[in-house]
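Read the figures in this text as sums done on the coordinates, not as results from a lab. Being a predicted model, the structure only gives us computed values, none of them experimental. Here Cβ is always computed from backbone atoms with ideal geometry, including for glycine, and neighbour counts include all displayed protein chains.
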Amino acid sequence: MLDDTDRRILRQMQAEPGASVATIAERAGLSHAPCWRRIRKMEEAGVIRGRRITLDRRKMGQEVQVFLRITLDKTARNAFDAFITEARKIPEVEAIQTLLGRVDIRMDVAARDLAHYQQIYRDRIMALPHILDVEALMLVSELKNTESLPI
């Protein structure tokens, strides 16, 4: 169970993931050693699953991002498992999520440009097993994107 001090630490870590323990401790109103112990305890408990860097997609040469909504042929035995096993092998697929409702799968695909996306779609996505329908949504602009949780 997290207390208010843990939440203060987590807010600081989310605000600046690369901050040192000393900086986090100071901002959370703690000394270094107790802050470090709390962070370690939250890591061991799986509350903190890792720390990341965020890359600029465009500066890395990925100009196109497409979100696919995929409906699978659920009459096929093991359709989900077979689809996901193969979809995970496509390096340009950044995320795969299963959903309840009309759409079964949501996938995020990154590409250098539109021609590259078309190649990925034609050669890799459409070759995946058990696809019944695909709807593609191309990202035009990103107005908010955060992985931070409200704490």
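Put simply, of Met126, Met107 the only residue that is surrounded by 12 or more Cβ atoms within 10 Å (Cβ to Cβ) and either under 19 Å from Ala76 (Cβ atoms) or of a type in the set (A, V, I, L, M, F, W, C) (or both) is Met107. Of the helices (runs of 4 or more DSSP H) contained entirely in the range 1-72, those carrying at least 3 residues that are in contact with an Asp or Glu (Cβ under 9 Å, 6 or more places away or on another chain) fall at 21-28, 32-44. For the range 58-84, a residue qualifies if it is basic (Lys, Arg) and over 24 Å from Gly101 (Cα atoms), and the qualifying residues are Arg58, Lys59.
Condition check ((1) hydrophobic (A, V, I, L, M, F, W, C); (2) in contact (Cβ under 8 Å) with a residue 12 or more places away in the chain; (3) part of a strand (DSSP E or B)) across all residues:
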site	(1), (2), (3)
Val109	yes, yes, yes
His116	no, yes, no
Arg124	no, yes, no
Leu137	yes, yes, yes
Ser141	no, no, no
Asn145	no, no, no
